[in-house]
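The values are calculated or read from the model by the stated rules, or taken from the named source; none is laboratory data. If you're wondering where the values come from, they're calculated on a predicted model, not measured in any experiment. Here Cβ is always computed from backbone atoms with ideal geometry, including for glycine, and neighbour counts include all displayed protein chains. For the accessible areas, the whole protein counts, side chains as well, though only heavy atoms, and no ligand, DNA or RNA atoms are used. Shrake-Rupley method; radii C 1.70, N 1.55, O 1.52, S 1.80 Å.
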Amino acid sequence: MNMVFKKAAYGFGTAAKAEVPALGNVHACLKEVTQYFNKAGGKEKFHALGPIDLTLNKGEFFSVVGPSGCGKSTLLDVLAGLAEPTSGSAVFEGRPVKGVPDGVGVVFQEDASFPWLTVRDNIAFGLRWSGFDGPEVQRRVDYAIGFMGLKDFAKAYPSQLSGGMRQRVCIARTLVTQPRMILLDEPFGALDQQTRLLMGDELLRLWRETSATVLLITHALDEAAMLSDRVGVMSARPGLFIDFVETGWERDRDSRVVSTPRFGEINARLWEKLRVESMKLMGAAHAH
């Protein structure tokens, strides 16, 4: 197969219970994960997350929403191997997660491009650092540049690009490593609404092309409702899953689903759950 991203080879309150996928279809999971952090300037700890149980089907698009500070990013860090949980475990492709596993790519909200490198060199950076030979680097980078619509900007520097274009560069740099699971932490948070919708379409196209499992952390309920097969709603801290919403979308979907009644229903259900949790958070803040 000539394509870089091989479809077959890739296949992402009271706690809600996640539906367990069919045997053999589990790609990654968190088992009874909790996370405590030390409070600044003292020995006292605060309970940030869990206990969390989460099972991701191979090739699914799963989003997480929840009030600020509920542990969404902490959950992603544990699954990515960037943080060790206080208790419980993370598993990817049947193996315990210890450090970032081979086959996992992570994209953050912050612009992680190198300002002194061109678009092409930014995308190629990880491959060169990993020791891939020149022809393979060129093949993968050429494909990613074309796929992400960056051909006209290959020789540009990040300072010459819009926010949306810079985020495309960061996503392309992750994609050339051919991840089987892609973890995204608010990747479009700094973009305007129109650009977010267009980037969402690109993300869905990418997901279909690679068949990777995708986990997206987002504050935007409409983004979660549009993009996902399932959405997990988290409670206020310590974060627990209080609802799992199946969207029922066809795999070949795009931003046009926002005009459908079903989209409104999904958005309303997510907000109904999240509103209660956000009010708890505001109440706690007022109490202090």
Calculated from backbone phi, Karplus (6.51, -1.76, 1.60) coupling profile of segment 90-95 in Hz, x at Gly/Pro: 10, 10, 10, 6, x, 10
Which percentage, to the nearest 5, of the DSSP beta bridges contained in the chain is antiparallel? 50
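So what is the calculated 222 nm ellipticity per residue for the chain, using -39500 (n - 2.57) for each DSSP H run with n of 4 or more, over all residues, to the nearest 500 deg cm²/dmol? Mind showing how you got there, number by number?
Working: 8 runs with 103 residues, N = 288.
Result for the chain: -11500 deg cm²/dmol, rounded to the nearest 500.
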Which of the peptides 61-72, 97-108 is most tightly packed, and how do the rest follow, going by the mean number of other Cβ atoms within 10 Å of each residue? 61-72, 97-108
Here the percent of antiparallel bridges among DSSP beta bridges lying wholly in segment 171-288, to the nearest 5, is 50
How much net charge surrounds LEU75 when only the other residues with a Cβ under 14 Å from the Cβ of LEU75 are counted, with Lys and Arg +1 and Asp and Glu -1? -3
Calculate, for LYS39 and VAL276, the FRET efficiency according to 1/(1 + (r/R0)^6) with r their C-beta to C-beta distance and R0 35 Å; round to the nearest 0.05. 0.85
Inter-label distance for ALA268 and GLU246, nm, one decimal - labels placed 7 Å from Cα along Cα-to-Cβ: 2.0
Global geometry of segment 58-209, whether rounded, prolate or oblate, following the gyration tensor of its Cα atoms and the 1.5 cut on a/c: oblate
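Could you give the accessible area per residue of segment 53-157, probe 1.4 Å, as a whole number in Å²?
On a per-residue basis, 48 Å².
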Cα gyration tensor of segment 150-200, axes a ≥ b ≥ c as square roots of the eigenvalues: rounded (a/c below 1.5), prolate (a/b > b/c) or oblate? oblate
Distance between Cα centroids, segment 239-260 to segment 70-104: provide it in whole Å. 24
Order of 119-125, 201-207, 248-254 by packing, highest average Cβ count within 10 Å first? 119-125, 201-207, 248-254
Taking +1 at the Cβ of each Lys and Arg and -1 at the Cβ of each Asp and Glu, which of THR260, ALA83, ILE171 sits farthest along the dipole of the chain towards its positive end, judged by Cα position relative to the Cα centre? ALA83
Within the chain: Cβ-based charge dipole about Cα centre, in debye rounded to nearest 20 (Lys, Arg +1; Asp, Glu -1): 280
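Between SER159 and GLU136, what FRET efficiency comes out of the Förster formula 1/(1 + (r/R0)^6) with R0 = 30 Å and r the beta carbon distance, rounded to 0.05?
Efficiency computed from Cβ-Cβ geometry: 0.55.
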Using alpha-carbon positions, what is the distance between the centroids of segment 144-162 and segment 171-221, in Å? 17
How big is Rg to Rh over segment 47-129, alpha-carbon atoms, Rh as the Kirkwood inverse-mean-distance radius? 1.02
Computed label-point distance, nm, for sites ASP152 and SER87 using a 7 Å Cα→Cβ extension: 5.6
